[in-house]
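Just below is one structure, and these are the notes that go with it.
The values are calculated or read from the model by the stated rules, or taken from the named source; none is laboratory data. Values in this document were obtained by computation on a predicted structure and should not be read as measured data. Here the Cβ positions follow ideal geometry from the backbone for every residue, glycine too, while neighbour counts run over all protein chains shown. Note: accessible area is taken over every heavy atom of the protein model, side chains too, but ligands, DNA and RNA are not part of it. Shrake-Rupley method; radii C 1.70, N 1.55, O 1.52, S 1.80 Å.
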Amino acid sequence: MSGSILIIDFGSQVTQLIARRIREAGVYCEIVPFNKADKVFADFDPAAVILSGGPASVHEADTPRAPQAVFEAGIPVLGICYGQMTMVEQLGGATEASSQREFGRAALEVIGDIPFLDGVWNRGDTPTVWMSHGDRVTEMPPGFEKVGISENAPFALIADETRKFYGLMFHPEVVHTPEGGKLLANFARKIAGCPGDWSMAHFRTAAIDAIRKQVGTAKVVCGLSGGVDSSVVAALIFEAIGDQLTCILVDHGLMRLDEANDVAEMFREHYKIPLVHIDACDKFVSALAGISDPEKKRKTIGGLFIDVFEEEAKKIGGAEFLAQGTLYPDVIESVSFTGGPSVTIKSHHNVGGLPERMDLKLVEPLRELFKDEVRELGRELGLPESFVGRHPFPGPGLAIRIPGDITVEKLDILRKADAIYLDEIRKAGLYDKIWQAFAVLLPVQTVGVMGDARTYDNVCALRAVTSTDGMTADFYPYEMDFLARTATRIINEVKGINRVVYDVTSKPPGTIEWE
C-alpha cells in the first residue's frame, strides 16, 4: 500500500507498540506474522518494512527469517532486536549467543551522525534505551557502519545508508526508550518518505463508504453494551446506513450501577438509534449459580449471551449482518503464528464464539484500529466523553470481579461499592489520569467493629492502574486522604462490607487485561 509501512512480527510481546508509534506519526501500517509475510509483502507493496523483535535465537536452526524479497525491493528496512539479528544473518553478517545479556535500561553511546537520528540524537550523546536480548551481533554485513554501542552490545545501532537499512539492538517502541517514538517517526517520515496524512477524519470517511458498499440495503444488528468499542461501532454504522441498523442491548445483570439504562437512554433517546433492550438478569445469574472458575464463568456468560442475542436478532426481519467491535489487536492475535483466539467473537459480552447457525455476515469497521484510535474516532463522531473516555470493562463484567460464586446479593454489594469508588475518583479529578479502576468483592469475610456492634462482612479491594499503552501498567499512587475518604464512604454506605483494601500489584509487560 503506497505510503504505508508493513511490520513483520517475529513474536515480540510489544510488536503492537511499533504499529502504535508509526500511526502516531500519521502513517498507516499493518502487522503480519513472519510465516505469512511473503504473500502479504507482495500484495501490500509497502513504502518500508520494520522487522520486530522476538523470543528466538537467530543463530539456532529453524528459527524464523524475513522474506528475502524485503531486502531486494529497494525500500528502507528497520530491524529491531531479533529483527536486527535476522537482517544481519540474511545479509552476510554474524551473530552469537552472548554471556553478557542486557535486559532493562542501558546507556547507548552514539558514535555517528545519520539522517535516521536527525533531531533526536547526535554524535557523543548517551541516551537511555531499553534492551531485551541475550544474543548480539559479532560481524556487520557488507555496507553497514557502526553508529551506536552499549556496554554489552558492540553493534547496538548499525546502518547501511546506501540501501537505507538500519538495525537496533534496543526497543524504540516502548516508553522506556524516551526518544524511541521520534526515531520511529523519523524512519516513517524522513527515511521512508511517507506523507504522514493518515487521520481519523480520513478513516471515518473511508469507513462509512466501505460500510455502505458492504451492506447495501440489508439490515444490520449490533450488540450494544455502552463500552467504547460497541458504542463507536453503533455510531459509525448508524451514520453510514441509518435505520437499517438495530442495536440489541442484552442486560445480563453484570453491568455497573444504572449502566444499562444510561446506555439505552443515550442511544435510543439522544441519538435516535433503533434499540432493543432485553432484561435477562435472572437468566444469567441463575446460569452462573455455583460456578467459581473464572474461565467457566466467561464461557457460560458467552454461550447464554449468544442464545439471548440470537433469539432477539431473529425477530428483526431481513437482518443479514452482525456488527462487531473487533479491534486490530484481535486481528493480529487471531492470525498470529503463535496461535490466538481466532474463533472468539470480540464484543463486550460475547466471549463464546460465533456459531454458524446464526447465519450472519460480519461488519467489522474498527478492525484496523487500536483502542486509543477508537476513542479518537468516537470523538470525531461526536460521542460524549463520558462514553469515549470510559475505562476498559471486560465483557463478563462484575462476574469476574467477584471471585467465587455469583449471587444477586453480591452483585448489588459490588455495584454500590464500585459506584462510590468511581464517584470519588471523578470528584478528585483523577478519572482521566487513571487507565482503569474498579472494585473487587473478595471471597473473604472478616470480623469488624462498627459502633458498639461486631460485624462479620465482606472485604472490598480497590484497584487502579496507570498505563500509556495498555501493555504495561503500574498501580496509581493515591494520596492517603483519598483512600481514607473512599473507604469510609464504602463502609458507611454499603451494607455487607466492613473492610476496604487497596491493591498495589503492577501489571507485567505483554498482559492485556486487568481482571
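Here are a few things to note about the model shown:
- Shown are W130, W121, whose ranking by accessible area with a 1.4 Å probe and every protein chain present, most to least, is W130, W121.
- For the chain, share of DSSP beta bridges that run antiparallel, in % to the nearest 5: 50 percent
- Around the amide H of I50, modelled in the peptide plane, lie the amide H atoms of L6, I7, I8, L78, all under 5 Å away and 5 or more residues distant in sequence or on another chain.
- In order along the stretch 110-119, phi translates into HN-Hα couplings of 7, 10, x, 10, 9, x, 4, 9, 3, x Hz, rounded to whole numbers, per the Karplus curve 6.51 cos²θ - 1.76 cosθ + 1.60 with θ = phi - 60° and x for Gly and Pro.
- Average projection, convex hull of the Cα set of the chain: 26.3 square nanometres.
- Over the stretch 416-469, equivalent-ellipsoid semi-axes from the Cα gyration tensor in Å: 28, 13, 7
- In this view, the solvent-accessible surface of I491, computed with a 1.4 Å probe and all protein chains in place, comes to about 40 Å².
- Taking Lys and Arg as +1 and Asp and Glu as -1, the other residues whose beta-carbon sits under 14 Å from that of P477 total -2.
- The calculated FRET efficiency for L483 paired with A97, based on their beta-carbon distance and R0 = 51 Å, is about 0.60.
- The chain: DSSP helices with Cα axial extent of at least 18 Å and average Kyte-Doolittle hydropathy no lower than -1.0: 200-215, 228-241, 294-313, 408-427, 480-493
- Remark: the chain carries 42 Å² of accessible area per residue (probe radius 1.4 Å; ligands, DNA and RNA excluded).
- Stretching D258 away from F475 to a fully extended chain increases their span by 75.4 nm, per 0.36 nm per residue minus the current alpha-carbon distance.
- Dipole in debye (nearest 20) - the chain, about Cα centre, beta carbon charges: Lys, Arg +1; Asp, Glu -1: 580 debye
- Computed helical MRE - 222 nm, the chain, DSSP H runs ≥ 4 contributing -39500 (n - 2.57), nearest 500: -9000 deg cm²/dmol
- Charge tally in the Cβ shell below 9 Å around L366, where Lys, Arg are +1 and Asp, Glu are -1, L366 excluded: -3
- With every protein chain in place, the chain: carbon and sulfur % of accessible area (1.4 Å): 49 percent
- Largest to smallest in accessible area, the residues Y502, Y82 fall in the order Y502, Y82 (1.4 Å probe, all protein chains included).
- Here the relative contact order of the stretch 198-331, from alpha carbon pairs under 8 Å that lie six or more residues apart, stands at 31 percent.
- Contact order normalised by residue count of the chain, Cα under 8 Å, 6+ apart, percent: 11 percent
- A 1.4 Å probe, protein heavy atoms only, puts the accessible area of M169 near 0 Å².
- The figure for F155 is an accessible area of roughly 30 square angstrom, using a 1.4 Å probe on the protein chains alone.
- Lysines whose Cα lies under 17 Å from that of K272, excluding same-chain neighbours fewer than 8 positions away: K219
- Distance between the stretch 161-222 and the stretch 409-470 - C-alpha centres, whole angstrom: 38 Å
- Heavy-atom accessible area, probed at 1.4 angstrom with all protein chains present, ranks I149, I291 as I149, I291, highest first.
- A convex hull fitted to the Cα coordinates of the stretch 1-127 yields 133 cubic angstrom per residue.
- For the stretch 208-255, the Cα gyration tensor yields ellipsoid semi-axes of 22, 11, 7 Å (square root of five times each eigenvalue, largest first, whole Å).
- Between amide H atoms placed 1.01 Å from N, distances below 5 Å from Y476 occur with A464, V465, T466, all of them 5 or more places distant or on a separate chain.
- Under Karplus coefficients 6.51, -1.76 and 1.60, residue-wise ³J(HN,Hα) of the stretch 393-403 in Hz, glycine/proline x: 9, x, x, x, x, 5, 4, 9, 10, 10, x
- Summed residue charge, Cβ within 15 Å of Q244's Cβ, Lys/Arg positive, Asp/Glu negative: +2
- Shape parameters for the stretch 354-477, alpha-carbon atoms, Rg then Dmax in Å: 18.7, 63
- Around the amide H of L362, modelled in the peptide plane, lie the amide H atoms of L322, all under 5 Å away and 5 or more residues distant in sequence or on another chain.
- Extension gain, K433-A73: 0.36 nm per intervening residue step, less the Cα-Cα distance, totals 125.1 nm.
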